[in-house]
Structure formats: structure tokens, C-alpha cells
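Below: the structure, in C-alpha cells.
The values are calculated or read from the model by the stated rules, or taken from the named source; none is laboratory data. Not measured: the values here are computed from a predicted model. Note that we place each Cβ from the backbone using ideal geometry, even for glycine, and neighbour counts take in every protein chain shown. The area values use the complete protein model at the heavy-atom level, side chains included, leaving out ligands, DNA and RNA. Shrake-Rupley method; radii C 1.70, N 1.55, O 1.52, S 1.80 Å.
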Amino acid sequence: MNRDDAPGLLDGAMNLEMTAEECDLRYWLQAVPQGTLRGRPDGHDPALTPPDHMLTPGPLRDAIAQEYAFRSLAEDKAARALAYLVAIAPTTPTMEFYATQVLDEARHAMVFRNHLTALGFPPETPHTAAATDVRAILDPLEEFGLEVMRDNADFVGGVVTMAIILEGALAPAAELSERKWRPLDPAAAEIDRGAGIDEIRHLTVGAAIAKQHLAEHPSDRDRVASLIAAGMRMWTVLPVHDMVRRRELLFQRGLQEHAEVVGDYEVWPGRRLVDTTAEERQAMADQWSAEMRESRLAYIGLEEALS
Ligand SMILES: [Fe+2]
Ligand SMILES: [Fe+2]
């Protein structure tokens, strides 16, 4: 997929179909290191340097520090957990696909981390700026994923845990991030865009593996459905809403301070970013999240996991 004509994350993840057989190691080498990443080792055009308003202390800087620290550690944990799927993948294409996904996630962790460095934050920032959120949200999710992938060596369980419960639920926040940082921090928006293109592949291939498995093993449906339901319940008890709200409120203050930089930029068609509120942006991400989950579950044939 070419960077310029790749679909948006939500559109791509909801409508494309890609299998592990299509997205093997050979495909990845050409599409990613030699494709979307060519000339962009840090995930963005190296000519994009931080604008002054991103270098002056204030709410905008605090917002990106909290957001990118959290996302960098989420990607780090995802890379480590996914390595267990490489070890237990049942076929060569699935082994190769998850090996590429491990590298993608390790690279996402790196580019979010490096962007904080480029903005002048100290090297420990990924571990300090979001420490409370990591403990409250990422640690329990990691525990859930490791139990499935490492302790139970459950391949299909791990595939749906990643594609539906973890990445699927985080993808809409990533889409919002790309759109809202676009006028304020173009390098960040490019990093988000690049990671989003990878996410489309992760989500669609994961869903295709799950769909095929359930078609071949209908007796496994109830088990997989209850795993998804258990994962979904976690999202209702973890303080994700509070975290996103706090970040959006910080972003809102930064947005007001730098409204002249943002100008008439539209965050989605017909809606200027400067006219949006924290609540509105969060509600939009929540709506995308629900739509994404429903379309992925319908695709793999497990709509009942939602009820
Ligand atoms: Fe990622
Ligand atoms: Fe991913």
C-alpha cells in the first residue's frame, strides 16, 4: 500500500480484506521497509522539524507528552506480548505475519519515543509522563493478553485479543490523534498516519485469521466469543475515559492558545478543529470505536459477543 493512496485507518480497517498469506514477510519487506518507511526512519519526513509552539512549555506540550508516552509504552508492551504469537503460530504465513507485526509494534514504540526526544523531552519521559495511566490501564490489559498468549498458548485467542480487544479499541484514538495534531505538529500527524497504515494491516489480517479459524472450527465459537466479551468488559471498568478526557482538556487549552496556527483546518468534513470541544472529540472517537468493533465482529461472524 502506497502512503499517499492508503485509506484512512477507520475506513481501511473496516472495509479492507487482507490475509496472512497475502501479508507474508516478502510482502512486508516491499510494502514497509522499502515502501511506506523509505526515507522515514523516524516515521515522518525528516524535513519536518518541531514548530516553536510545540517547543514552548504549556498545555499543548503536556498533552503530547502524556499521549505519546502512553502510546509508546502500549506499543512496547504489544511488541513483547505478540512475540508469544510468533512462537505458537500454526502455519508459516501466520508465523511470518506476526514476526512482522512484532517489528511494526517495536518500531511504533520507537517513533513515539523519538518524537518526544525531538521535542526536547528528557529520555525518561515515556516512563514518567504517563506512569499512572500505564499502571491503571496498560498493566491490566497486558496481564489479560499475556494470560491468553503466554500462559495458555492460545493462538486464536491471542489473535482476537490483539485485533478486537486491544488494537481495535485503541485505533479510533489513533485516528483522532492524527487529525488533531495535523495542523499543530505535522511530524506527529505523519507518525500517526504511518502507524495507522500498519494498524490497518494488523486489524484486517487478525480478523481474517479469526474468521477462517471459526469457519473451520465452529465448535470454538462460544469459547472465542466469551473471551471477547471478557475483554470488552475490561474496557468498561478501566479508566480509559478519564485518561482521554484529561488529555483532550489539555489539548483544548493548547488549541485555544494557538488557534491562529490552526486557522480553518477541519478535523472532519465540515467541522473546524478550533470550534470543537474536548467532549465532542472524545464522543467522536467513542463512536468510531463502537463502529469499528461492530464491523470487525460482524466480519468474523461473532456479532453475539457484543450482546
Ligand atoms: Fe502499533
Ligand atoms: Fe498494531
I need the calculated FRET efficiency for the pair residue 92 and residue 304, taking r as the beta carbon distance and R₀ as 35 Å, to the nearest 0.05. 0.60
Largest first, what is the accessible-area ranking of 143, 175, 279 with a 1.4 Å probe? 143, 279, 175
Return the Rg/Rh value of the chain, two decimal places, where both radii are evaluated on C-alpha atoms and Rh is the Kirkwood radius. 0.95
Spin-label pair residue 290/residue 26, simplified geometry with 7 Å Cα→Cβ offset, distance in nm: 4.5 nm
Under a point-charge model restricted to the Cβ atoms of Lys and Arg (+1) and Asp and Glu (-1), what is the dipole moment magnitude of region 1-142 relative to its Cα centre, in debye to the nearest 20? 360 debye
Check residue 266: other-chain or 5+ apart residues with amide H under 5 Å from its amide H, H built from backbone geometry? 273
For the chain, whose charge dipole is built from +1 on Lys and Arg Cβ atoms and -1 on Asp and Glu Cβ atoms, the candidate among 93, 138, 117 with its Cα farthest towards the positive end is 117
Determine the per residue accessible area of the chain with all protein chains present and a 1.4 angstrom probe, expressed in square angstrom. 43 Å²
How large a share of the accessible area of region 1-139, in percent, is made up of carbon and sulfur atoms when the probe is 1.4 Å and the other protein chains stay in place? 56 percent
When the convex hull of its Cα atoms is projected in every direction, mean area for region 61-129 (nm²): 4.4 nm²
If unit charges are put on Cβ atoms (+1 for Lys and Arg, -1 for Asp and Glu) and the dipole of region 208-254 is taken about its Cα centre, the option from 241, 251, 218 lying farthest towards the positive end turns out to be 251
GNM of the chain, Cα pairs under 10 angstrom: of 99, 283, 31, the biggest fluctuation goes to 283
Taking the Cα centre of the chain as the origin and placing charges on Cβ (Lys, Arg +1; Asp, Glu -1), which of 13, 297, 82 is farthest toward the positive end of the dipole? 82
Note down the accessible area of residue 223, probe 1.4 Å, to the nearest 10 Å². 100 Å²
Kirkwood radius from Cα pairs of region 194-283 plugged into Stokes-Einstein at 25 °C, 0.890 mPa s, gives D in µm²/s equal to 146 µm²/s
Residue with peak Gaussian network fluctuation, the chain [Cα springs, cutoff 10 Å], from 24, 222, 52: 52
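Placing unit charges on C-beta atoms (Lys and Arg positive, Asp and Glu negative, everything else neutral), compute the dipole magnitude of region 221-271 about its Cα centre in debye, rounded to 20.
For this selection, approximately 460 debye.
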How much length is gained on full extension from residue 226 to residue 139, taking 0.36 nm per residue of separation minus their Cα-Cα distance? 29.2 nm
